């Protein structure tokens, strides 16, 4: 009897902890865009918009500065910032050079630990969505060049992404 009560108590505590993140107000807050250099963001978005026009791409313009194209609309729920997301992705520069990839594998990330461009994008997408994100430098790595990477200072980035799940 004692083992059964302990097991039931552990299940109840685990369920409460799992649900508490969903009920936590911090999970419902939009990505924190404070601290973005507005002058650089304007330069970034002008550059991205010019690139999109040159390439004949019609993108959704998020008020944050993020631009994205949905290739396949998902039908699942939208993740909140405290969720873990399961994704596949490829990251490139505007010239097409790849700097990062999940190599076709599913990977998990805590959404609120990712660059702002991903936070804004994924929190706008339903699970199952396939999209291209055009991320201004101010929503990526800003003035910081990435050591050991081809990402330079104030580099705008492109990500082909698939949101496979959120938990």
Which of rounded, prolate, oblate describes segment 73-119, given a ≥ b ≥ c as roots of the alpha-carbon gyration tensor eigenvalues and a/c under 1.5 marking rounded, otherwise prolate only if a/b is larger than b/c? prolate
Euclidean distance between Cα centres, segment 56-73 to segment 105-119, Å: 18 Å
Quick one: order 159, 122, 51 by neighbouring beta-carbon count within 10 Å, fewest to most. 51, 159, 122
What's the exposure ranking of 29, 158, going from fewest to most Cβ atoms within 10 Å? 29, 158
Each label sits 7 Å from Cα toward the beta-carbon; between residue 60 and residue 98 the label points are separated, in nm, by 2.6 nm
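None of the figures in this text is laboratory data; all of them are computed from the coordinates on show. Worth saying up front: this structure is predicted, and the values here are computed from it rather than measured. Ideal geometry is used to build each Cβ from the backbone, glycine not excepted, and the neighbour counts take in all protein chains shown.
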